[in-house]
Every structure is written in structure tokens, then in C-alpha cells.
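The structure appears right after this line, and notes come after that.
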Amino acid sequence: MLLAAKLLIPLLLAATGVGAVGVWDRLVFGKANLAFGSYVPWGLWVGLYIYLVGVSGGAFLVAFFHYGLGMRVLRRAARYAVPAALLSLGAGLTLVLLDLGQMGRFWTLYTRTSATSLLGWMVWVYTVYSLVLLAMLVAMALEKPKALRWLAWTGLALVVTFGGGEGALFGVLGSKPFWNSGILPVRFLFAAFLSGVAVVTFALAAFRRWPADAEAAAAGRFLRRTLLALLALNIVLEFAEVSVTLYTGLPAVAEAYRLVLFGPYWWLFWVGQLAIGLVIPLVLLAAPSGARPAVAGTAGFLIAVGYAASKQNLVLPGLAIPEFRTLTEAFVHPRLSVTYFPSATEWLVAVGIVAAAALAFVVAIEVLPFLRNHEAWGTGKSGASRLAA
Amino acid sequence: MAAHTDRSDGQRPGVSRRAFLGTAALAAAGAVSGPVAEAAAPASAPAALPAMPEDGPQNILLRMQADVQRAMAKPIGERRWAMAIDLRRCIGCSACTIACVAENKLPPGVVYRPVLEEEVGEYPHVSRRFLPRPCMQCENPPCVPVCPVKATYARPDGIVEVDYTACIGCRYCITACPYGARTADFGEFYTDGTPQRQAYETQPSHEYGRTWARDGKASPSGNARKCHFCVHRLEAGMLPACVTTCVGYATFFGDMNDPESLVHELAGKPNVTRLKEELGTKPRVFYLT
């Protein structure tokens, strides 16, 4: 067993156990102990859901590079990427399931799907995507490269659909000026790619069971360049959004950005997004040692944390500006407030679900032979030599 | 507040305002000259009341109720319910809010018709203005297309309904409403944390013509909820609770497809406005300013 697995499994087991208390609370006491309300109807769980689904899409991109495009240099990474994509998707969907007011009716999302609802469509896309991921795991176990290639291309189409679709869920809401933007789906897609590639880069460093050979070095260089390129792209997209909307100066949007920068969650932006998610990883990756597994892995971990913060920073400020300035004073109740901080139950559930997904990942790469065998077959021909150059 | 000269109070033409004012003036004069009048008239003499004209002032509630009953006699697709709120008459008493809570047995944190209050101007020219905000029952409701399970829809009479038996409680519709008119039922009770839940909290509501007994878990708990123009009262020929309880006669209701209805008359006034018209939602709640 890998050293990281030996260290992490007890920790993740404990975190999952703690999270189970939160899930029990949610199932027994309903929504009584959740801190969100009607004016902030989505909280920590929804922010984490869109983040984890994005991680899934980004992790899949790594798998696509190998299985779809034949980049042999990523064959080890791809083997981690597929289960990472499946488990992060599962964690995100579990969180949003627990968020439903009537959980027992979730199946009506399939039987009563509204053709006009993006959310309705997304449920089907997620379902097909999860089936593709499961099929990929089977194809990996059975060593079926042709099937994997076909599945990788199908999966990519689904990733682009839901990666952008997640942004569209928010972008189409004319009621929320902070979200209402045509660029939001594009931002979501590339943020998803970045966070997913970052998670896989971290996993490769943390759970390395192969020698530091030329292939590992080439993979490190490729992932480093990919992360740097995606970081740059995300900076450009976010700058475009922020600068244009702030220059326009619509009061509701400007107020939301003021909250992001100087509101009660200022630390989420300055510390989480900017320092942890951008500046430190940028320095680490740009340094000459940036391609080393430990350095790239650390940068990947920090990017993953920073982009989790960025999703919270999108959901919460968008809801923190009421539709009318005095709405919250018109009828006073804790559920009719725009100030929100997650409750203990919300934290416990969030930690528990993420820990359970991470635990399942660690166990899977230790137990499943086709994930454990690092020298297993790989598709692709000349990728390694081309990228190593 | 400016005097009304546009008959937005709903009184029909032919009402003898002159006679009314004359009587009022007499009454005022009597009050001022009380001791003189008392001295001049015997204490036991009955007060002479002016005769009520045959086409005299009709209570606007009765007129609107007649409007509702006329509309209810038509097929549902031929009605278009609408509300008008005269902001000059609203005194911010929140009687409509409370009547709505009582009528629909609303639990904590759920409100259909809050009254927004705002202070305007600078000292010494300061005033407060009030804006009751029910559901706008939009002609293009942004809450409807986003629902993933078709649990909310516009009825043929224009009322946007929530099917409590289908709503999964995702709250996407709540975020989509530009008026903040939807709230979520978290299954709470006013007496949570006390030794005993009170009987008034488990009284069933009759929203959408069905009986809904809340137990904190079954619908409508866990659902999105909103104003529905008291459709259950309309079906019984009654006005919405907020209309009947408005002490200032500031809220009007009726069928926009009926040119004889009061609300149709008011919606044609030049001082009519609607909230956030730029969003293209086409609200069916008009404000008279």
C-alpha cells in the first residue's frame, strides 16, 4: 500500500464518519438545521456541487487526452482521472440530492423532465455521462482501446455540454444581474478544466507508484504547461467579465462585487481565490522546478482549493443582493435574510461527502487491479516522445 | 397625499359626491359649534340622516366581488385575473400580509405578500412609502421554464400555480423570480423548541382548492411557495384575503378580460406602472402611483 494511502485512509474514514452525523441530521431533522433560506436559497452544498461536477469534467479532459487523442504520456494520469471523474461527479450529485426539499421525488427528474429547463436537461446529461464513465472503467479493466476511444469522445461532448451548462444555469437568470452573463458558461467550462486537471495532477503526485522515469517527467511537463495555460485563460476570462461589468456600474452588480472584495467573505476572494488558487500556484508552476511531481502536485492541490472557493464566491454574492432594497426588512425572519454562513450540519455533510469520495478513490486505486498496475497497457503511439521533447 | 380626482376609488359615475361633501361639511360645522347646537336642539331629538340615493355609493368590495362572480361564470380560459394596488392609499399597516398568513396558514419564514417600506427625501421633506408585493402572476413568468419537473405553470386564467405534489424543492424557481416573490417552506413551526406544537399550526390550508395539512415533512413543506391570488377563495366567489382586509381600499382585484370590472378600469389609468417592466415579464399586478 502506498504511504499516502496508509496515512489518508484513517483520516478520510474519520472525516466520512463525522460527515455521516451531518447526513443523519439532514435525514432525521429535514432542513431545520440548515442555514440557508428563501432569499439565499442555495448555500455551501450548491457551490460545492457545481465545483465537484466541474472537477469531474476537468479530470475527464486528462482521460480524453490519453484515450481519445492517444497521448501515451498521460496513460498513468488517465488511469487515475477516470475514477476521479466518476467519484467527484457522484459527490456533487449526492450533495445536490441532499439539498432537495423533497428528496424522495428525485426520480421525477426523469419521469417529468421539463424540456424548457436547463436543470432538467442536465440531469439526463449527468446520467449518460456517469454511464460513460462506468463503461470506461469496464473497458479499462477489459483492455478495450477502441471502446475507450469511442467513449472518450462521447464523454468529451458531454463534458463540454454540462461544463458550459452549469454556467448557463446561472447565466440565464435575468433576476440575478451578478450571474446574468453570456460569458459565464465559458468561464465555468474552463474553470472546470483547470480544477479537474489540478486534482489529477495532485493525485499523480500523492499516489505515485511508478519510478521517476522519462515518462513521469514528460507527464509532469505536460500537466504543468496545461495548468499554466488554463490558469492564464481563466485569468483572461474573469478579467473580461469583471472589468466590463464593473465599468458598466450597474448597482446590483457593483454591489455584488463589493461584497466579493470587501464583504464578510473577503477572505474567500483574497486568500482563497487569489493567494491560494492563483498567485502561489502560478509561482510554483512558473519556477524551474514546476514540473517536478511534488511541486506540480502542490500547485494542483492549491488550485483545486482556490477554485472551490471561487464557486462559493459566485453563488453567495449573486444571492446576497435582494430583489428590492428593503425586502429583507419587510417581513423579518432568519430564513428571509441575505446574510448566510453554513451551519454545522452543512459543513459536516460537505466534509463527509468529499471525504467519502476521496476515500473511495484511494481504496479503488489500491484494490482494483487495472488501476493499481501502473505498467498496464496504454493506447497511443508517439505521444510520449513528442511531448517529452 | 394628493387628493383623488380620478375616481380610482372605484365609485361609479353618478355617485352624489356633492351630497356627501355637504353632509360632511354639516357634520364638521356641528362638531365645531357643538355647544351652540346642543343649546338650540332638544337632546332627545333624533338626528336627521340624509336619504340614501337609490344609485348611491356602492362599496367597492361589493363591486369587485360582483366582478369576481361574473368572471367565475365564464370558462377559465376567458378570465385574466389581475390586481391593482394604489400606492397613494397604502398606509403600510401590513393587514394584507397578516391576512394572507392567516388565510394560507403560512409557517415561519414563508411570506406571500410583504409590504416594502422605504423612507424618501431629506429632512425636512421626508416621507415613507409602502409597496405591497404579491406574486406578479407574470404573463411571461421566469419561474416557469426553469422548473425541471414542470411543477409550476401558468393556468389558463393567468395564475402561476405550484403543484405541491410535484415540486422537488430544488428552489431554482426562487432564484429565477426577479421579484423575490417565492419562498421556501422549510417545514418549521412557530412553536418549534417549545413543549407542545399548537393546534393553529396544524390547521390545514386550502391552497389551490385542496386541503394541505402540514406535518413538517409532507408537502407543502419542502416546496417552493407563493401567492396565488387566493385561487381557492375565487372559486368560492370571494375576493383574495389581502383585498378584503385592506383598510385603505388600496388593493383592487378582478378580471382584465371584463371591461366592466374595476381592475380593468384602473389598469387604463395614466398613472399605472408595473415593477421591473424592462425584464419583459409582463406582471399582472399594476401599481397606481
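Among the conditions (1) crowded, with 22+ Cβ neighbours inside 10 Å; (2) farther than 30 Å from B:Gly280 by Cα, the only one that B:Pro108 does not satisfy is (1).
Identify, please: which residue in region A:159-192 is touching a residue at least 60 places away in the same chain (Cβ under 8 Å) and not hydrophobic (A, V, I, L, M, F, W, C) and is, among those, farthest from the other protein chains (Cβ to nearest Cβ)? Within region A:159-192, the match that is farthest from the other protein chains (Cβ to nearest Cβ) is A:Gly163. Checking B:Leu87, B:Leu116, B:Leu62 one by one, the residue that is over 19 Å from B:Gly222 (Cβ atoms) and at pLDDT below 95 is B:Leu62 and no other.
With farther than 18 Å from B:Phe229 by Cβ, touching a residue at least 24 places away in the same chain (Cβ under 8 Å) and out of contact with any Pro (no Cβ under 7 Å at 6 or more places or on another chain) as the only criterion, which of B:Arg155, B:Arg88, B:Arg79 stands out? Steps first, answer last, please.
Numbers: B:Arg155 fails: farther than 18 Å from B:Phe229 by Cβ; B:Arg79 fails: farther than 18 Å from B:Phe229 by Cβ.
Of B:Arg155, B:Arg88, B:Arg79, the one residue that is farther than 18 Å from B:Phe229 by Cβ, touching a residue at least 24 places away in the same chain (Cβ under 8 Å) and out of contact with any Pro (no Cβ under 7 Å at 6 or more places or on another chain) is B:Arg88.
Once region A:91-114 is narrowed to residues that are at the interface with another protein chain (Cβ under 7 Å from one of its Cβ atoms) and part of a helix (DSSP H, G or I), the residue that is nearest to A:Leu27 (Cα to Cα) is A:Arg105.
When B:Ala99 is tested against (1) assigned to a helix (DSSP H, G or I); (2) under 13 Å from the mean Cα position of the chain (by Cα); (3) within 11 Å of another protein chain (Cβ to nearest Cβ); (4) aliphatic (A, V, I, L, M), only condition (3) is not met.
How about region B:122-157: which of its residues are assigned to a helix (DSSP H, G or I), buried (at least 22 other Cβ atoms within 10 Å of the Cβ) and within 8 Å of chain A (Cβ to nearest Cβ)?
Filtering region B:122-157 for residues assigned to a helix (DSSP H, G or I) gives B:143-146.
Remaining after also requiring buried (at least 22 other Cβ atoms within 10 Å of the Cβ): B:143, B:146.
Answer for region B:122-157, where residues must be assigned to a helix (DSSP H, G or I), buried (at least 22 other Cβ atoms within 10 Å of the Cβ) and within 8 Å of chain A (Cβ to nearest Cβ): just B:Val146.
Screening region A:315-363 for residues that are in contact (Cβ under 8 Å) with a residue 60 or more places away in the chain and among the acidic types (Asp, Glu) and picking the one that is nearest to A:Gly17 (Cα to Cα) gives A:Glu346. Scanning region A:236-250 for residues that are over 15 Å from A:Leu184 (Cα atoms) and touching a residue at least 12 places away in the same chain (Cβ under 8 Å) yields one hit, A:Leu250.
Identify all residues within region A:334-351 that are within 14 Å of chain B (Cβ to nearest Cβ) and either aliphatic (A, V, I, L, M) or surrounded by fewer than 18 Cβ atoms within 10 Å (Cβ to Cβ) (or both); write none if there are none.
Correct list: A:Pro334, A:Leu336, A:Val338.
Given the structure, is A:Leu278 under 19 Å from A:Leu194 (Cα atoms) and within 14 Å of another protein chain (Cβ to nearest Cβ)? No, not satisfied.
Would you say A:Thr328 is among the polar types (S, T, N, Q), within 14 Å of chain B (Cβ to nearest Cβ), in contact with a helix residue (DSSP H, G or I) (Cβ under 9 Å, 6 or more places away or on another chain) and more than 30 Å from B:Leu116 (Cα to Cα)? Spell out how you get there, then give the answer.
On the way: among the polar types (S, T, N, Q): yes; within 14 Å of chain B (Cβ to nearest Cβ): yes; in contact with a helix residue (DSSP H, G or I) (Cβ under 9 Å, 6 or more places away or on another chain): yes; more than 30 Å from B:Leu116 (Cα to Cα): no.
Spelling it out, it is not the case that A:Thr328 is among the polar types (S, T, N, Q), within 14 Å of chain B (Cβ to nearest Cβ), in contact with a helix residue (DSSP H, G or I) (Cβ under 9 Å, 6 or more places away or on another chain) and more than 30 Å from B:Leu116 (Cα to Cα).
Figure legend. Inter-residue proximity from region A:1-27: first residues within 27 Å of A:Pro342 (Cβ to Cβ), second residues charged (D, E, K, R) and surrounded by 12 or more Cβ atoms within 10 Å (Cβ to Cβ), beta-carbon distance below 8 Å, spacing 6+ or different chains. Indicated pairs: A:Gly22/A:Glu346. The condition of being away from chain A (no Cβ under 11 Å) and under 28 Å from B:Arg155 (Cα atoms) holds for only one of B:Arg89, B:Arg63, B:Arg113, that being B:Arg63. Of the residues examined, B:Arg113 is one that is of a type in the set (D, E, K, R) and either part of a helix (DSSP H, G or I) or surrounded by 23 or more Cβ atoms within 10 Å (Cβ to Cβ) (or both). Of all the criteria given as (1) surrounded by 23 or more Cβ atoms within 10 Å (Cβ to Cβ); (2) of a type in the set (Val, Ile, Thr); (3) within 23 Å of B:Ala224 (Cα to Cα), the one not satisfied by B:Ile98 is (1). In region A:241-273, which residue that is among the aliphatic types (A, V, I, L, M) and under 22 Å from the mean Cα position of the chain (by Cα) is surrounded by the most Cβ atoms within 10 Å (Cβ to Cβ)? By that ranking, first place goes to A:Val260. Go through region B:158-181 and give me each residue that's buried (at least 21 other Cβ atoms within 10 Å of the Cβ) and assigned to a strand (DSSP E or B). Correct list: B:Val160, B:Val162.
Residues that are surrounded by 22 or more Cβ atoms within 10 Å (Cβ to Cβ) and hydrophobic (A, V, I, L, M, F, W, C) within region A:206-221 comprise A:Ala218, A:Ala219, listed in sequence order.
Taking the residues in region A:31-78 that are part of a loop (DSSP other than H, G, I, E, B) and more than 21 Å from B:Tyr172 (Cβ to Cβ) as candidates, determine which candidate is nearest to the other protein chains (Cβ to nearest Cβ). Let's see the steps before the verdict.
Filtering region A:31-78 for residues part of a loop (DSSP other than H, G, I, E, B) gives A:31-43, A:69-71.
After this cut, where a residue has to be more than 21 Å from B:Tyr172 (Cβ to Cβ) as well, the list is A:32-33, A:69-71.
Details: A:Ala32: 6, A:Asn33: 10, A:Leu69: 34, A:Gly70: 38, A:Met71: 37 Å.
By that ranking, first place goes to A:Ala32.
Within region A:314-354, the set of residues being closer than 25 Å to B:Glu277 by Cα, assigned to a loop (DSSP other than H, G, I, E, B) and of a type outside the set (Phe, Trp, Tyr) comprises A:Ile321, A:Pro322, A:Glu323, A:Arg325, A:Thr326, A:Val338. Got at least one residue in region A:236-246 being assigned to a helix (DSSP H, G or I), in contact with a Leu (Cβ under 7 Å, 6 or more places away or on another chain) and within 22 Å of A:Leu316 (Cβ to Cβ)? No, every residue in region A:236-246 fails to be assigned to a helix (DSSP H, G or I), in contact with a Leu (Cβ under 7 Å, 6 or more places away or on another chain) and within 22 Å of A:Leu316 (Cβ to Cβ). The single condition among (1) assigned to a helix (DSSP H, G or I); (2) more than 14 Å from chain B (Cβ to nearest Cβ); (3) touching a residue at least 40 places away in the same chain (Cβ under 8 Å) that A:Pro264 does not meet is (1). Give me the pairs: first residue in region B:165-187 and at the interface with chain A (Cβ under 7 Å from one of its Cβ atoms), second residue acidic (Asp, Glu) and surrounded by fewer than 24 Cβ atoms within 10 Å (Cβ to Cβ), beta-carbon distance under 9 Å, and six or more apart or on different chains, which are they? Matching pairs, first to second residue: B:Cys177/A:Glu323; B:Pro178/A:Glu323; B:Tyr179/A:Glu323; B:Gly180/A:Glu323; B:Gly187/B:Asp215.
The values are calculated or read from the model by the stated rules, or taken from the named source; none is laboratory data. Keep in mind that what you see is a predicted model, and the values were worked out from it rather than measured. Note that each Cβ is placed from the backbone with ideal geometry, even for glycine, and that neighbours are counted across all protein chains shown.
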